[in-house]
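The values are calculated or read from the model by the stated rules, or taken from the named source; none is laboratory data. Remember, it's a predicted structure, so these values are computed and weren't measured experimentally. Every residue, glycine among them, receives a Cβ derived from its backbone with ideal geometry; neighbour counts consider all protein chains shown. Heavy atoms of the whole protein, side chains included, go into the accessibility calculation; ligands, DNA and RNA do not. Shrake-Rupley method; radii C 1.70, N 1.55, O 1.52, S 1.80 Å.
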Amino acid sequence: MPESDPVTAANHLVVAELIRIADAIDRAVDAREWERARSLFAATVHVDFESLSGQPPATISADALIAAWSGNLRGAKTSFHMRTNHQVTIEGDRATMVSAGYAWNRMEGNGDPLWEVWGDYTHRFARDADGGWRVDGMILRVTHQRGNFWVRDTAPQD
């Protein structure tokens, strides 16, 4: 396995692009721009949200990931995602980024309308045939949650 490339002036633009992609996923999800969100992923993605959902890690199509997100974040439910403290490692045509994340979901209808989560994200990236970068792995390790879990777990009725 190649050694990690240190962050240098030569690869600083790659680091900025990887951070932009992860942040763009958050923005697209919150704006419900599902095609935009999908465009940031490789065809398949290894997802591990077990600490949030209890579901085991799996490799699924990016289309299935976006369908799951869009099925839960619709109608009266709103969301906000953000991340910071990005640490990027580049290894040739692969990269890994670890960041701290925060998100909330809000929906009226059953008590407190807010649920919040904090955690550590790991995004894996692969360079595609056109030289662009796509996310092919995403892990969330929840460090704290609070609020109404009904908001997190309930898909709104349209």
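For the reader, a short list of remarks on this structure follows.
- Matching residues, the range 84-96, being surrounded by 14 or more Cβ atoms within 10 Å (Cβ to Cβ) and either within 28 Å of ASN110 (Cα to Cα) or small (Gly, Ala, Ser) (or both): ALA95
- TYR102 meets each of the listed conditions (1) assigned to a strand (DSSP E or B); (2) in contact (Cβ under 8 Å) with a residue 60 or more places away in the chain apart from (2).
- Count of the range 138-154 residues, restricted to those that are part of a helix (DSSP H, G or I), surrounded by fewer than 18 Cβ atoms within 10 Å (Cβ to Cβ) and touching a strand residue (DSSP E or B) at 6+ places or on another chain (Cβ under 7 Å), is 1.
- Of the residues making up the range 41-59, just one is over 23 Å from GLU17 (Cα atoms), part of a strand (DSSP E or B) and open to solvent by 50 Å² or more (accessible area, probe 1.4 Å), namely THR59.
- Unique residue being at pLDDT 95 or above and within 22 Å of PHE149 (Cα to Cα) when the list is ARG36, ARG27, ARG32: ARG32
- ASP23 meets the stated requirement of being touching a residue at least 40 places away in the same chain (Cβ under 8 Å), within 27 Å of ALA129 (Cα to Cα) and not in a strand (DSSP E or B).
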